[in-house]
Amino acid sequence: MILKNTILTLLSLGALISCSDETVGKSEASLEPEKKKVIRVSVDPKTYSQGRKLFLVNCATCHGSQGEGEKDWRTVGADGVNKAPPLNGSGHAWHHSTSALTNVIKNGTAKIGGKMPAWKDKLSDREINLILAWMTAQWSDEIYTAWHNRFSQNN
């Protein structure tokens, strides 16, 4: 009986020793890989409203009222120029930093094969920022999180 208890005790100690310090005392759920925190898209209602109005007046003609872009936007138009892409998170806009997006708005896309005009003489920096705030608010939380993580200074 003593031998049996000693063997059981040694086996129990062996099992505890074989656990790394990282896992001792952690529940099974906490041993799962950490999931990246999803950032909820949140824009002040006044900013959202102002950005939406500016987008509708200046951008919606080409990019659609919800930022959905032109139909078949990945194909070159009959005029040989790239079509207006979606800005609602379903295209590639989220692959670009705020400064790159601002640059495209200010300087247009003629130099890179598009037909977007330069807005630097028509929209102020504040107005461009409002449009970008509305635009990014159209993105899903997952797309916004990926964009934020890609371009955040804290990464």
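Descriptive notes on the structure:
- Here the Karplus relation 6.51 cos²θ - 1.76 cosθ + 1.60, evaluated at θ = phi - 60°, turns the backbone of region 97-111 into coupling constants of 5, 4, 5, 5, 5, 4, 4, 5, 5, 5, 9, x, 10, 4, 6 Hz, with x for every Gly and Pro.
- Per-residue Karplus couplings for region 55-70, computed as 6.51 cos²θ - 1.76 cosθ + 1.60 with θ equal to phi - 60°, are listed in order as 4, 4, 6, 10, 10, 5, 3, 9, 8, x, 5, 10, x, 7, x, 6 Hz, Gly and Pro entered as x.
- Most positive-pole-ward Cα, 96, 107, 73, against dipole of region 50-155 from beta carbon charges: 107
- Dipole in debye (nearest 20) - region 45-151, about Cα centre, beta carbon charges: Lys, Arg +1; Asp, Glu -1: 260
- Pair residue 124, residue 151: separation of 7 Å Cα→Cβ label points (nm): 2.2
- FRET efficiency for the residue 71 to residue 39 pair, using the beta carbon distance and R₀ = 25 Å, is estimated at 0.25.
- For region 45-151, relative contact order (Cα pairs under 8 Å, six or more residues apart, normalised by length) works out to 31 percent.
- Fewest-first ranking of 47, 75, using other Cβ atoms within 10 Å as the exposure measure: 75, 47
- Pairs of Lys residues in region 45-151 are counted when their Cα atoms are under 28 angstrom apart and they lie 8 or more places apart or on different chains; the count is 26.
The numbers here are math on the coordinates, done by the rules we state, and not lab data. Being a predicted model, the structure only gives us computed values, none of them experimental. Glycine gets a Cβ as well: all are built from the backbone with ideal geometry, and neighbour counts include every protein chain shown.
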